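Down below is the structure, laid out as structure tokens.
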Amino acid sequence: MLLGLAPARAAWFGEVTRWATSGALPAELVKCRSADEARARLRSGRAWSALLVDTASPGLDRDLVDAAVRAEAAVLAVRDQRSGHDPGGFTAVLPPNFGREELLDVLALHAQPISRGDELPPSLSEPGSSPWRGRMVVVCGAGGTGASTLAIAAAQGLAVDLRYGGRVLLADLALRADQAMLHDAVELGPGLQELVDAHRLGSPDPVEVASGTFAVPARGYRLLVGLRGPSAWSALRPRATGAAVDSLRQAFSVVVADVTGDVEGEADCGSADVEERNHLARTATSQADLVLAVGAAGVKGVHSLARLIRALAGVGVSPARLLPVVNRAPRDPRERARLAAALADLAPATTELSTPLWVREVRIEDCLRAARPLPSALVRSVAAAVGARLDHLADVPPPRSEPTPVTPGTLGSWTDTG
């Protein structure tokens, strides 16, 4: 069972159609008029052996390749050296003048024939060893809690750690990006939008990824500016976004991500649009080695922090990777104990929270206006806690979200209504 996608005038497409129609090719070919149709067929639940796609097809991107991989269909690309896209992930590449025997050999090597519909096909072989990736620290919190400022403090503190070689990035992955304003950035690009767009049709190397960031010499790290407006999330394709975040980890020793605290998905509210809007936060938290959940002192602050912790636990952030942070914390130990007890009572019953990081209120307005380093007292307290937790988690394997296999027929059954 083959899916085909190619421009109307592709000569090889007509040849493959003729071979399938005449029986010279033991396969059924379903021709798609657009990439959206191919993606819909791949997600329909029907089994496919391979996706045969021309690299000059307008809709070919990383999301289409990922849809084929998720459907356990080999991606066979027909590439013309003079034109076309290369988002990566191809199972095999054929020249535009390939013959029937060559196609048969590739199908026999990479494609899985479709047999019975009530049996799960064998899974694809495991990919090879993944490239090296740096550590990732996510700082998230409700608006007004100071999460963006604490992300700056964490990046500034980690930048002076010799183990990371000065390759520390502060990435603004928030829905309402403020880091460009906090750094008084003269230019708003290139930034996150250009990085994600580059991963739609290709795989930039670490040097290209680093070139899209800006140096912050006074604090020792580099900055990736975020979205130009909250509505720009609609231009970010999910798979390209995940690949962009992964590329940042390959280009830097530590990535400190400033993330919005909204992580609801379709399973929580029934809306796929909400999940796509929150895809940046969900991707960052799922890949993070450590997540700092930031809240403020007081009744409202503790309530918002507990709600954020419950939301993070719902998307799979384990207690070992979660560090509660109470910003503008009181000095009185008894008041801190009351806040910690209240937070423990409001947190999920199955979550054993770590001792919160207490951050006292520090004046930073002058430092931000003058683009100077943040006060050392603030930086040391945050960086010490983050560094200690990263060292503790050094031997813990990174989190991986695996799909849950479902046997056909186990989710329901047809009924005869008479």
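The values are calculated or read from the model by the stated rules, or taken from the named source; none is laboratory data. These numbers were taken from a predicted model, which means no experiment stands behind them. Ideal geometry is used to build each Cβ from the backbone, glycine not excepted, and the neighbour counts take in all protein chains shown. Note: areas computed on protein heavy atoms with side chains; ligands, DNA, RNA excluded. Shrake-Rupley method; radii C 1.70, N 1.55, O 1.52, S 1.80 Å.
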Charge-dipole axis of the chain as Lys and Arg at +1 and Asp and Glu at -1 on Cβ define it, positive-most pick from Leu201, Ala27, Ala284: Ala284
Kindly give Rg over Rh for the chain, based on alpha-carbon atoms, with the Kirkwood expression for the hydrodynamic radius. 1.04
Cα-Cα P(r), segment 291-376, percent of pairs per 10 Å interval: 17, 45, 25, 12, 0
Treating only the Cβ of Lys, Arg, Asp and Glu as charged (+1, +1, -1, -1), what charge dipole size does the chain show about its Cα centre? Round to the nearest 20 debye. 1140
Leaving out ligands and nucleic acids, note down the accessible area per residue over the chain with a 1.4 angstrom probe, in whole Å². 51
Calculate what fraction, in whole %, of the accessible area of segment 205-278 sits on carbon and sulfur atoms when a 1.4 Å probe is rolled over the protein chains. 49
Taking 0.36 nm per intervening residue step and subtracting the Cα-Cα distance, what contour gain separates Arg369 from Ala320 on full extension? 14.0 nm
Expressed as a whole percentage, what fraction of the accessible surface of segment 1-107 belongs to carbon and sulfur atoms when a 1.4 Å probe is rolled over the protein heavy atoms? 48
Centre separation in Å (Cα based) which lies between segment 319-376 and segment 32-67: 47
Sorted list, accessible surface of protein heavy atoms, 1.4 Å probe, largest first, for Ile309, Ile364 is Ile364, Ile309
Treat every Asp and Glu Cβ in segment 1-45 as -1 and every Lys and Arg Cβ as +1, leave all other atoms uncharged, and give the resulting dipole magnitude about the Cα centre to the nearest 20 debye. 120
Listed peptides 156-166, 136-146 by packing density, highest first (mean Cβ within 10 Å): 136-146, 156-166
On the accessible surface of segment 321-384, probed at 1.4 Å with all protein chains in place, carbon and sulfur together account for a percent value of 51
I need the Kirkwood Rh of segment 1-109: take the reciprocal of the average 1/r across all distinct C-alpha pairs and report it in angstrom. 13.7
As I understand it, the dipole of the chain uses +1 on the Cβ of Lys and Arg and -1 on the Cβ of Asp and Glu, about the Cα centre. Which of Ala92, Leu76, Gly229 lies farthest toward its positive end? Gly229
Once R0 is set to 45 Å, what does the formula 1/(1 + (r/R0)^6) return for the Cβ-Cβ distance between Met1 and Glu187, expressed as a FRET efficiency to the nearest 0.05? 0.35
